Amino acid sequence: MIHPEFRRDPLHNTWVVFAPERQRRPNDFAPAVLQAGSLDPFVEGNERLTPLEVYAIRQEKSKPNEPGWQVRVVPNRYPAMRIEGKLEATPVGLYDHMTGIGAHEVIIETPRGDIATEDLPVPAIAQIFSTYRERILDLEKDHRFQHIYIFKNVGPSAGASLTHAHSQLVALPLVPPFVEGKLARAREHYIVKQRSLFSDILHTECTDGSRLVAENDGYVLFCPYASRFPFEMSIFPKRHHPDFVSCTPNELHDLAEILRFALQRLNEVLEKPGYNLLLHTAPLRRPHTERFDSTRYDYSWHLEIAPRFNALAGFEIGLGSYINTVYPEEAARFLRGEARS
């Protein structure tokens, strides 16, 4: 077996995960597979087709790896990283190499294969977020890990290889340079202005209102000023905190409510596009990562919803920039349900 590994590109300052096992992932977009519900490994009753669960929200008296669950978490059968082994970093001439240690889990969001996340009731979506929280709390006990990232791919354009509603969690032994850059910009803003960049963005969007889509007691939903993708949306919490695990049950309920609204509006306006849902939370604070201590003041966890219509092309890949054909003010107007002026 060829084990995964991390390799750092010194020119672009990126870490690349080499994961040969990912080549064996199934593709279930063929109509014959979609019609054969028994082939769906995530459907209730097919628990034998997945690795053993590491966490589940279950009916009372139901047993692990058997029916009776509402949300279920299993290791990814085709992981980008492996949790077993020793974390070792070694130079390879000019280059940096690290063993591919990490966690890669699948959060199966519903026992049913015929229902999308946004069609679940709000309490069921809140259970999904509660599961995110519990998995982060468990994995942060492993001191090999420095950063935990949760994402959801929906549709072929967004990189999904299964249609059953699910999301994924990766626990990394490093903080990716992209994340470090985001943290550095938040820190610089705080040093200069003694205010959180996230709080300032929230204040601007609520005051301006042209990009605001919706809000409830706990969250604000808006189209970012410099959206990378048409109809991109962000969800910012009104209570500033760097860590997603700080969320209370009421805040998870409010988050489920506003995400459900956002995805349903996206479906109505764009006829069910593919999208990526991205949960950003602060890196795990470790004795050897003191540089992230300031996140408690300058960083806030948040969600991004990125509709995906086209693959990234030469402009985006080569320059790290984006071409967007829809102004966020126009996108927000459509998402609010207002007629075009």
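The values are calculated or read from the model by the stated rules, or taken from the named source; none is laboratory data. What you see is a predicted model, and the numbers here were worked out from it, not measured in a lab. Glycine gets a Cβ as well: all are built from the backbone with ideal geometry, and neighbour counts include every protein chain shown.
Here are the numbers:
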read-out	value
Of all residues making up the range 158-172, the number that are under 25 Å from residue 99 (Cβ atoms) and crowded, with 20+ Cβ neighbours inside 10 Å	4
Residue 103 closer than 18 Å to residue 19 by Cα, surrounded by 19 or more Cβ atoms within 10 Å (Cβ to Cβ), out of contact with any Pro (no Cβ under 6 Å at 6 or more places or on another chain) and at pLDDT below 90	no
Output for the range 202-221, where each listed residue is assigned to a helix (DSSP H, G or I), closer than 21 Å to residue 255 by Cα and either in contact with a Phe, Trp or Tyr (Cβ under 7 Å, 6 or more places away or on another chain) or among the charged types (D, E, K, R) (or both)	202, 205
Subset of the range 268-307 [among the aliphatic types (A, V, I, L, M) and either in contact with a Cys (Cβ under 7 Å, 6 or more places away or on another chain) or outside any helix (DSSP H, G or I) (or both)]	277, 278, 279, 282, 284, 303, 305, 306
Options 270, 259, 284, 277; residue that is among the aliphatic types (A, V, I, L, M) and in contact with a helix residue (DSSP H, G or I) (Cβ under 7 Å, 6 or more places away or on another chain)	259
Complete set of residues in the range 192-223 that are surrounded by fewer than 17 Cβ atoms within 10 Å (Cβ to Cβ), touching a residue at least 40 places away in the same chain (Cβ under 8 Å) and not hydroxyl-bearing (Ser, Thr, Tyr)	216
Conditions (1) aliphatic (A, V, I, L, M); (2) more than 20 Å from the chain's Cα centre (by Cα); (3) closer than 29 Å to residue 122 by Cβ; (4) modelled with pLDDT of 95 or more: number failed by residue 270	(4)
Residue in the range 154-162 that is touching a residue at least 40 places away in the same chain (Cβ under 8 Å) and assigned to a strand (DSSP E or B) present	yes
Test: residue in the range 326-339 that is in contact (Cβ under 8 Å) with a residue 60 or more places away in the chain, assigned to a loop (DSSP other than H, G, I, E, B), among the small types (Gly, Ala, Ser) and under 30 Å from residue 146 (Cβ atoms)	no
Some residue of the range 235-256 being aromatic (Phe, Trp, Tyr) and either in contact with a Cys (Cβ under 6 Å, 6 or more places away or on another chain) or in a loop (DSSP other than H, G, I, E, B) (or both)	no
Among (1) more than 26 Å from residue 12 (Cα to Cα); (2) more than 20 Å from the chain's Cα centre (by Cα); (3) among the charged types (D, E, K, R) - the single one residue 291 does not satisfy	(1)
Any hit, the range 205-223, residues being modelled with pLDDT under 95 and farther than 23 Å from residue 131 by Cβ	no
Number of positions in the range 308-325 that are in contact (Cβ under 8 Å) with a residue 24 or more places away in the chain and either over 28 Å from residue 256 (Cα atoms) or part of a loop (DSSP other than H, G, I, E, B) (or both)	6
Leading residue by the ranking (nearest to residue 169 (Cα to Cα)) among those in the range 123-132 that are crowded, with 16+ Cβ neighbours inside 10 Å and not small (Gly, Ala, Ser)	132
Among (1) more than 19 Å from residue 277 (Cα to Cα); (2) assigned to a loop (DSSP other than H, G, I, E, B); (3) not basic (Lys, Arg), the one test that residue 224 misses	(1)
Output for the range 219-266, where each listed residue is touching a Pro at 6+ places or on another chain (Cβ under 7 Å) and within 12 Å of residue 302 (Cα to Cα)	219, 234
Residues of the range 288-317 that turn out to be among the β-branched types (Val, Ile, Thr) and surrounded by fewer than 19 Cβ atoms within 10 Å (Cβ to Cβ), as a count	2
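Results for (1) in contact with a Cys (Cβ under 8 Å, 6 or more places away or on another chain); (2) more than 21 Å from residue 176 (Cα to Cα), shown as yes or no for each residue.
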position	(1), (2)
94	no, no
108	no, yes
124	no, yes
129	yes, yes
